[in-house]
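Every number in this text was worked out from the coordinates using simple rules, so none of it is lab data. All figures in this text were calculated on a predicted structure; none of them were measured in a lab. Backbone-built Cβ (ideal geometry, glycine too); neighbour counts: all protein chains shown.
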Amino acid sequence: MIYNTVVLKVLTFIVLFLGFSFSIMSFASLLKPFYWLFDVLTHFSLQYALALALCVLLGLVIGIRPYLLGLFAVALVMNLYFLFPFFWPRSREEANSNVLRVVSLNVLTSNQNYEKITTYLRASNADIVLLSEIEPELMTVIKTSLADLYPHVYNEAMEGTHGLAFISRLPFVKTETVILDERHHRFLTAELEWQGKRFKIYGSHPHAPLAGRWARSRNEEIEVIREHIKQETKPHILLGDFNASPWSTPMAQLFAQTNLRHGALGFGIYPTWRYRTMLLGAPIDHILVSEDWQVSAYKVQRDVGSDHFPVFAELQLP
């Protein structure tokens, strides 16, 4: 009897501690416009929802007071509200052979497993790939080993974390590099033709919000991208490692002021980056599409030795 009482007390403490912790982080994330750390908290809505669902279920079993369960349930429902559009199935046409396959992959500058990266790229069967954190050495390997698959390269590789490149089966009609700040952050713009129609593809890798000034830099970079895309009339795609969740302030503004939507809607949203464990993972790599596109597949794919997973989408122009 004493043993059962001790176990119940320990379990109650754990449920209350986790329930309060994840509820506080959930509610604090609503203050995202006011402080950068609150914005970072939006990265973990999936973990909050799973943990709070478990706390509510265990709380019901062990008899936690109703008002505490109510608090946890409110935080849970709030997170489910953010997640719902991604997991609710959407009507879509069956995919056919006329699909454009695109991939966004942050390779990680310290990743020396070049063979794993090139093996994945060949197996992905993508038509266009955006590579982030790409350095000249790896770019040379890719251009040499995948020349048969990707004869067209828009190369802005550089040492460090700022390198970007498009590799493509389709020829580029024209390209442009827009420098975003004095630290060499940039985004790439390419125009291509597919199925007799011209479209634009944009690739970017804004600053990681590891401090207040870096978060401001990220937000400013996404704002510049947003202003460019607002003027776009052709079908367009924006992809990359944005270092921001779909619910963060700059991404919410991007969706509100352009005709972009997230490609993952109806396919689920999962961490694309992790720090050591998926418990500290976040969906910060995205493929966004204009209203012209239909998305027939969207997947977070296998590990390539990076701290990011590749993001893959199949798109169609009706």
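Show me the three semi-axes of the equivalent ellipsoid for segment 44-168, from the C-alpha gyration tensor (sqrt of 5 times each eigenvalue), largest first, rounded to whole Å.
Details: eigenvalues 393, 79, 27 Å².
Ellipsoid semi-axes (Å, largest first): 44, 20, 12.
Let me check the size of segment 243-299 from its C-alpha atoms; what are the radius of gyration and Dmax in Å?
Over segment 243-299's Cα set, Rg and Dmax evaluate to 12.2, 38 Å.
Just to be sure I understand the model, the point goes 7 Å from the Cα along the line to the Cβ. What's the resulting T144 to Y275 distance in nm?
3.7 nm
What's the exposure ranking of D303, D285, going from fewest to most Cβ atoms within 10 Å?
Listing D303, D285 from fewest to most nearby Cβ atoms yields D303, D285.
Taking the radius of gyration and the Kirkwood hydrodynamic radius from Cα positions alone, what is the Rg/Rh ratio for segment 128-235, to two decimal places?
Checking Rg against Rh, the ratio lands at 1.00.
Which of these, A75, A211, A49, has the largest mean-square fluctuation under a Gaussian network model of the chain (Cα springs below 10 Å)?
The residue with the greatest mean-square fluctuation here is A211.
Hey, fewest Cβ within 10 Å first, where do E193, E223 land in order?
Lowest to highest Cβ neighbour count: E193, E223.
Evaluate 2.2 N^0.38 Å with N set to the residue count of segment 197-318, then give the Cα radius of gyration divided by it.
The reported ratio for this selection is 1.05.
Which residue, F17, F84, F27, has the most motion in a Gaussian network model of the chain that connects Cα atoms within less than 10 Å?
F17
According to the Cα gyration tensor, what semi-axes, each the square root of 5 times an eigenvalue, does the equivalent ellipsoid of segment 10-54 have, listed from largest to smallest in whole Å?
Semi-axes, largest first: 23, 10, 6 Å.
Quote to one decimal, in nm, the extra length available between I62 and E193 on full extension: 0.36 nm per residue of separation minus the C-alpha distance between them.
Contour length minus Cα-Cα distance gives 41.1 nm.
Using only the alpha carbon atoms of the chain, find the Kirkwood hydrodynamic radius as the inverse mean reciprocal pair distance, in angstroms to one decimal.
Kirkwood radius, the chain: 20.9 Å.
Rounded to the nearest 5, what % of DSSP beta bridges with both residues in segment 104-184 are antiparallel?
For segment 104-184, the DSSP antiparallel bridge percentage is about 75.
How do S245, S145 rank when sorted from fewest to most other Cβ atoms within 10 Å of their own Cβ? Intermediate values should be presented prior to the final figure.
On the way: S245 25, S145 17.
Arranged by neighbour count, lowest to highest, S245, S145 become S145, S245.
Using helices alone, what [θ] at 222 nm do you get for the chain, with -39,500 (n - 2.57) per DSSP H run of 4 or more residues, divided over all residues and rounded to the nearest 500?
Taken over the chain, the calculation gives -12500 deg cm²/dmol.
May I ask you to list the lysines whose Cα is less than 25 Å away from that of K197, ignoring any residue fewer than eight positions away on the same chain?
Partners found: K174, K230, K234.
Could you pull out every residue, at least 5 positions away or on a different chain, whose amide H is within less than 5 Å of the one on N106? Hs are placed 1.01 Å off N in the peptide plane, and Pro or chain starts have none.
Amide H neighbours of N106: S132.
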